[in-house]
Amino acid sequence: MSLATGTRLGPYEITAKLGEGGMGEVYRATDIKLKREVAIKVLPAAFTEDKERLARFEREAQLLAQLHHPNIASIFGLEESGGTRALVMELVEGPTLAERLASGPLSLTESLSFALQIAQALEEAHDKGIVHRDLKPGNILIDRNGTAKILDFGIARSLRTEGITARGAVIGTLGYMSPEQLGGGGIDARSDMFAFGCVLHEMLTGKSAFIRETTAGTIAAILHEEPPPVSESGIEIPEELQR
């Protein structure tokens, strides 16, 4: 059930619903004590009895707490109130990269700017042994200053504490999953880099590198095809970037 405007979770007052996904609903809220706006990610009540989902939710908080980078949405705390569990996070105002791409490709300059920021954020996570596993345009926000922020570490894994993801666990977003991830094999930071390449290709061309009309077509493309060269889109880019 969605939280109504005015609902209080500890010192946080809900002011608007921002969206929802597989791991929870996201709200805008006001921190009454510190007088600041925050984003609240709430685990649906139906999931609080699901040990696996609850563990993922708490793991997301723990992993985010290890990351301190201007291109990763910060976590402020984990709140529990009246049986409701919520992550309190930095409020990033602006569209997702997916929303930006809905109107077409970005310029070369803008694409490279965002790509550098995303790469630096991934480097921070990988240096801490954390693999995001679900990097895609919908999980990247662009704030009013043109800063890219990676969010949604709900299915992230720590290689230092959990080891390479167990075989058989297929999880992520089809179209951005590496062949190893898609096949249920063990994955590491290289899967994030595969997804990063997909995102960069999409920023430059406005088109997905691997998504096809059907699920089967998308899987086949990831496993057996190379994306069409960016140059085929009529974009002039440096040869090294094309490589």
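Things worth noting here:
- Per-region count, region 213-243, residues free of Cβ contacts under 8 Å to residues at least 24 places away in the same chain and within 20 Å of Asp134 (Cβ to Cβ): 1
- Number of residues in region 186-235 that are within 16 Å of Tyr176 (Cβ to Cβ) and touching a His at 6+ places or on another chain (Cβ under 7 Å): the value is 4.
- Among residues of region 188-198, those that are under 11 Å from Arg133 (Cβ atoms), open to solvent by 10 Å² or more (accessible area, probe 1.4 Å) and of a type in the set (A, V, I, L, M), counted: 1
- Among the residues listed as Arg144, Arg167, the single one being modelled with pLDDT under 85 and surrounded by fewer than 18 Cβ atoms within 10 Å (Cβ to Cβ): Arg167
- Taking each residue of region 1-13 that is assigned to a loop (DSSP other than H, G, I, E, B) and looking for partners that are of a type in the set (Lys, Arg) and open to solvent by 40 Å² or more (accessible area, probe 1.4 Å) with beta-carbon atoms closer than 7 Å, six or more apart or interchain, yields Ser2/Lys17; Pro11/Lys33.
- Number of positions in region 89-116 that are of a type outside the set (A, V, I, L, M, F, W, C), touching a residue at least 40 places away in the same chain (Cβ under 8 Å) and farther than 30 Å from Ile14 by Cβ: 4
- Filtered residues of region 111-149 (kept if out of contact with any strand residue (DSSP E or B) (no Cβ under 9 Å at 6 or more places or on another chain) and over 24 Å from Ser191 (Cα atoms)): Arg144, Asn145, Gly146
The values are calculated or read from the model by the stated rules, or taken from the named source; none is laboratory data. Just so it is clear, the structure is predicted and the values come from calculations on it, not from any experiment. Cβ atoms come from the backbone with ideal geometry, glycine included; neighbour counts cover every protein chain shown. Heads up: the accessible areas ignore ligands, DNA and RNA and are worked out on the full protein's heavy atoms, side chains in. Shrake-Rupley method; radii C 1.70, N 1.55, O 1.52, S 1.80 Å.
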